[in-house]
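Trainee: If you scroll down you'll find the structure; I have some questions about it.
Each reported figure results from applying straightforward, stated rules to the coordinates on display, with no laboratory input. Everything numeric here is computed off the predicted structure, so don't read it as measured data. Ideal geometry is used to build each Cβ from the backbone, glycine not excepted, and the neighbour counts take in all protein chains shown.
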Amino acid sequence: MKVSDFIAEFIAQQGIRHVYVVQGGAAAHLIDSVALHPSLQHVCPQHEQAAAMAADAYSRIGPGIAAAIGTSGPGMTNMITGICSSFYDSIPVLFITGQVSTFRLTRDTKVRQLGFQEAPASDIARPIVKYTVLIDDPKRIRYELEKAVYIAKSGRPGPVLVDVCDDVQREEIDPEAIASFSPPDDPALDDSSLQPSAKRVLQLLKEAQRPVIVYGAGVLLSQGEDEARALADALQIPIGLTWATKQLFNGDDPRVIGTFGINGTRRGNFAIQNADLVVSIGSRLDTHATGTPVNTFARGARKIIVDIDAAELEKFPHQDMEVEEAICTDARTFLHALIAELPASQNQPAPEWIDRIAEWKHTYPDCPPEFYAQKGTVNPYVFFEMLSEELTDDDIVVLDTGASIVQFFQVFRPKIGQKLISAFNYTPMGYAVPASLGAAQAAPGRRVVCITGDGGFQLNSQELSTIVHHNLPVKVIVMNNHGYGIIQQTQDDWLGSRHWGSRVEGGLPDSDEMKVAGAYGLPVRNFENHDSLQRELRSFLNAPGPIFGNVEVDPEQRLFPMLKAGRPIEDAQPLLDRNEFRMNMIVEPLDVSQNI
């Protein structure tokens, strides 16, 4: 059996149906074998970055791992941004790259490059993958592939990279006669060992007057969605959701406090910052969630943090944040332990706390009514609120970075069953379009709504051709403010509104995205104002096949609210009157918040 054929068969055995490939000399045998395999379909994005991002999204939707193949040198380095997206969000992907033949490897010759298009793929990738290896011996291929996939899916998941020399790909092997990998015995995750911690957490929740439970991406990665909802039903405690877990509950669920963090809602931040107990399960509580300094986060609360990665738990003392208890286990296992220890009758949280959260929701709506009165352009908060009304519980939404993802998560009301995906922690511009390709192929028949900005769209717009080629039901929406709005807001705060590189007047080209989409063969719609917006949006979403929508956003539109560095997350811009602000604070405000 040829090594490249063995690799294709191995990929198929993982349950993968689509492999994202960009052709090149050092990958030709790999891709030929994939294309000839009866259970695999090779998909040809126009850029290796896009191939990596499509595979990333494919894994997020299922079957739980994906594969992408690129060639040596620039082919591999082009994949790096997509690899980082998987690494920082703990997404298992098998990246396979071709490498120059063994006799052309630089090795220890001390020259910069020996083989044409040679680059040290494993050395480059090592900091951003869980495991990487160079295959220069055909007899190692089975062992290393099995080891790589085991590592990718075990513990805290993540991507792996296997770099295979061109001449090795062409070698003949007997798969049964070469070494295989035997996974180590994993210590059984035993709920009983977590019993003391579970009992303590439930006791603290019983005693707390203002508790909040935070659910992070670890709940999804551990497949603990049902357990998370069951615990919420039993406790009826307010729930804080990170972007990755907003899909866990219906958008109108009164227990959900709203998004929190530097781009959170007022109601969400007032709730988390006034809590007296925060139990975080499966969230690493990064600085996007906590603000900085980190010790200003939920500073009046005792904090219990559950994470599978010990390093994530060990960072908090270095950030001067006091943690009551750090529990190192996966989210689903701890949820099981909590549910097992639930008493027959658990105290409900104080009604005053529930009422206060409801009051914040009423006083500070995510999309204020006056936004609907906007003329001449489309208010993104209005657009995303309408979008949430029109989508079904079977839809997939794929998001890019920039202002659009913030505005979306501030106001969108999900339905249980929907999938909301993005490269949440790395957030590269250009992710959404190729990721929509991967999502649509991972979930055939489901509608995919792609949300990007005019800036992000330009980075991977070429993948519209791939979407059209496969006639996928992807509805591409560009929120077009003709610039980089979130960067402009930073420049407004710190650089005297000098918008260099972020708008046309600052040197940024302004392309016609509708002409670009039309050139790739997509039908095009333009949303210019609120007149008949909901009816036009419904028509757009229900159009057959792929379609492109341009949403004209006021270039002066800003995030609402938005934290300015130096203030705690409850004190976002536009700053509230100080008397109003103090009335919303149960916990003592910081000195920086005493005055505007």
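Trainee: Among the trypsin sites (Lys or Arg not before Pro) in segment 368-477, which ones are in a DSSP loop with at most 12 other Cβ atoms within 10 Å of the Cβ? Mind listing them?
Mentor: Here the sparse-neighbourhood loop sites are Lys375.
Trainee: May I ask what percent, to the nearest 5, of DSSP beta bridges between residues of segment 378-552 are antiparallel?
Mentor: Within segment 378-552, antiparallel bridges account for around 5 percent of the total.
Trainee: Less than 13 Å apart at the alpha-carbon level, and either on another chain or at least 8 residues along: which aspartates and glutamates does that give for Lys419?
Mentor: The reachable aspartates and glutamates, counting only those whose Cα sits under 13 Å from Lys419, are Glu225, Asp393, Asp394, Asp395.
Trainee: Now a separate question. Among the listed pairs Lys206/Lys361; Lys110/Lys139; Lys110/Lys315; Lys130/Lys199; Lys153/Lys515; Lys153/Lys315, which have their C-alpha atoms separated by more than 31 angstrom in this model?
Mentor: Distance filter (> 31 Å) returns Lys110/Lys315; Lys130/Lys199; Lys153/Lys515.
Trainee: Now for a different question. Run the quick spin-label model on Asp320 and Glu556: label points 7 Å from Cα toward the beta carbon, then report their separation in nm to one decimal.
Mentor: In this crude label model, Asp320 to Glu556 measures out at 4.0 nm.
Trainee: What is the Cα coordinate range of segment 378-552 on the first, second and third principal axes, sorted by size from largest, in whole angstrom?
Mentor: Cα extents, longest axis first: 48, 36, 33 Å.
Trainee: What do the square roots of 5 times the Cα gyration tensor eigenvalues come to for segment 191-363, in whole Å, largest first, as semi-axes of the equivalent ellipsoid?
Mentor: Square roots of five times the eigenvalues give 21, 20, 15 Å.
Trainee: Next question, about the same structure. Just to confirm a number: summing +1 for Lys and Arg and -1 for Asp and Glu over residues other than Met53 whose beta-carbon lies under 14 angstrom from that of Met53, what do you get?
Mentor: Taking every Cβ under 14 Å from that of Met53, the sum is -4.
Trainee: Oh, and also: Calculated FRET efficiency, Met1 and Tyr150, Cβ-Cβ r, R0 25 Å, to nearest 0.05?
Mentor: Between Met1 and Tyr150 the formula returns 0.70.
Trainee: Can you give the local net charge around Cys165? Use residues other than it whose beta-carbon is closer than 10 angstrom to its beta-carbon, Lys and Arg +1, Asp and Glu -1.
Mentor: -4
Trainee: Determine the distance separating the Cα centre of segment 476-510 from the Cα centre of segment 367-438; give it in Å without decimals.
Mentor: 20
Trainee: Now for a different question. Gln348 to Gln23: extension gain in nm, 0.36 nm per residue of separation minus the Cα-Cα distance?
Mentor: Net length gain for the segment: 111.1 nm.
Trainee: By DSSP, what percent of the beta bridges with both residues in segment 457-596 are antiparallel, rounded to the nearest 5?
Mentor: Restricted to segment 457-596, the bridges split so that about 15 percent are antiparallel.
Trainee: Let me ask something additional. By its C-alpha gyration tensor, with a ≥ b ≥ c as the square roots of the eigenvalues, how is segment 303-346 shaped: rounded for a/c under 1.5, else prolate for a/b larger than b/c, else oblate?
Mentor: It is oblate, given that a/c is not under 1.5 and a/b is not larger than b/c.
Trainee: While we're on this one: Counting DSSP beta bridges with both partners in the chain, what percentage is antiparallel, nearest 5?
Mentor: 5
Trainee: Turning to a different aspect of this structure: Give the shape of the chain as rounded, prolate or oblate, defined through the alpha-carbon gyration tensor: a ≥ b ≥ c are the square roots of its eigenvalues, a/c under 1.5 means rounded, and otherwise the shape is prolate if a/b is larger than b/c and oblate if not.
Mentor: Taking the square roots of the gyration eigenvalues as a ≥ b ≥ c, the chain is oblate.
Trainee: Here's a follow-up. Using the Kirkwood radius over Cα pairs, work out the Stokes-Einstein diffusion coefficient for segment 1-52 at 25 °C and 0.890 mPa s, in µm²/s as a whole number.
Mentor: Reported coefficient: 222 µm²/s.
Trainee: Still on this structure, I have one more. Residues with beta-carbon under 13 Å from that of Ser461, excluding Ser461: net charge, scoring Lys, Arg +1 and Asp, Glu -1?
Mentor: Around Ser461, the surrounding residues sum to -4.
Trainee: If you keep only loop residues by DSSP, which chymotrypsin sites (Phe, Trp or Tyr not before Pro) in segment 136-222 have at most 12 other Cβ atoms within 10 Å of their Cβ?
Mentor: Of the chymotrypsin sites (Phe, Trp or Tyr not before Pro), not one in the loops of segment 136-222 has a Cβ with at most 12 other Cβ atoms within 10 Å.
Trainee: Among the aspartates and glutamates, which have Cα under 14 Å from the Cα of Lys2 when same-chain residues fewer than 8 positions away are ignored?
Mentor: In chain and number order, the partners are Asp32, Asp137, Asp166, Asp167, Glu171, Glu172, Asp174, Glu176.
Trainee: Which GluC sites (Glu not before Pro) does segment 314-417 hold that lie in a coil by DSSP with at most 13 other beta carbons within 10 Å?
Mentor: Glu322
Trainee: Can you tell me how segment 472-586 classifies by the Cα gyration tensor, rounded, prolate or oblate, using a/c under 1.5 as the rounded cut?
Mentor: It is oblate, given that a/c is not under 1.5 and a/b is not larger than b/c.
Trainee: Roughly speaking, what is the stretch gain from Asp174 to Asp393, that is 0.36 nm per residue apart minus the C-alpha to C-alpha distance, in nm to one decimal?
Mentor: Gain on stretching Asp174 to Asp393: 74.1 nm.
Trainee: Take segment 3-177, drop everything but the C-alpha atoms, weight them equally and run the Debye formula without solvent; then report log10 I(q)/I(0) at 0.10, 0.14, 0.16, 0.17 Å⁻¹ to two decimals.
Mentor: With one equal scatterer per Cα and no solvent, log10 I(q)/I(0) is -0.31, -0.64, -0.85, -0.97.
Trainee: Between Arg112 and Asn250, what is the label-point separation in nm under the 7 Å Cα-to-beta-carbon projection?
Mentor: Placing both labels 7 Å along Cα→Cβ, they lie 6.2 nm apart.
Trainee: Given labels modelled 7 Å from the Cα in the Cβ direction, how far is it in nm from Glu588 to Thr490?
Mentor: 3.4
Trainee: Return the sequence-ordered ³J(HN,Hα) values of segment 458-466 in whole Hz as given by the Karplus equation 6.51 cos²θ - 1.76 cosθ + 1.60 applied to θ = phi - 60°, using x for Gly and Pro.
Mentor: 5, 6, 9, 4, 4, 6, 4, 5, 5
Trainee: Determine, from the Cβ-Cβ distance of Phe181 and Asn295 and an R0 of 45 Å, the FRET efficiency 1/(1 + (r/R0)^6), rounded to the nearest 0.05.
Mentor: So, using R0 = 45 Å, E works out to roughly 0.55.
Trainee: Using helices alone, what [θ] at 222 nm do you get for the chain, with -39,500 (n - 2.57) per DSSP H run of 4 or more residues, divided over all residues and rounded to the nearest 500?
Mentor: -10000 deg cm²/dmol
Trainee: So if R0 is 35 Å, what FRET efficiency would Gln203 and Thr363 give, r being the distance between their Cβ atoms, rounded to the nearest 0.05?
Mentor: Working from the Cβ atoms, E equals 0.60.
Trainee: Which is farthest toward the positive dipole end of segment 191-363 among Ala301, Leu248, Ser280, measuring Cα position about the Cα centre, with Cβ charges +1 (Lys, Arg) and -1 (Asp, Glu)?
Mentor: Ala301
Trainee: Please report the spacing between the Cα centers of segment 189-234 and segment 261-321 in Å, no decimals.
Mentor: Answer, in whole Å: 16.
Trainee: Set Lys and Arg Cβ to +1 and Asp and Glu Cβ to -1, take the dipole of segment 378-552 about its Cα centre, and tell me which of Thr490, Ser461, Leu533 lies farthest positive.
Mentor: The Cα lying farthest towards the positive end belongs to Ser461.
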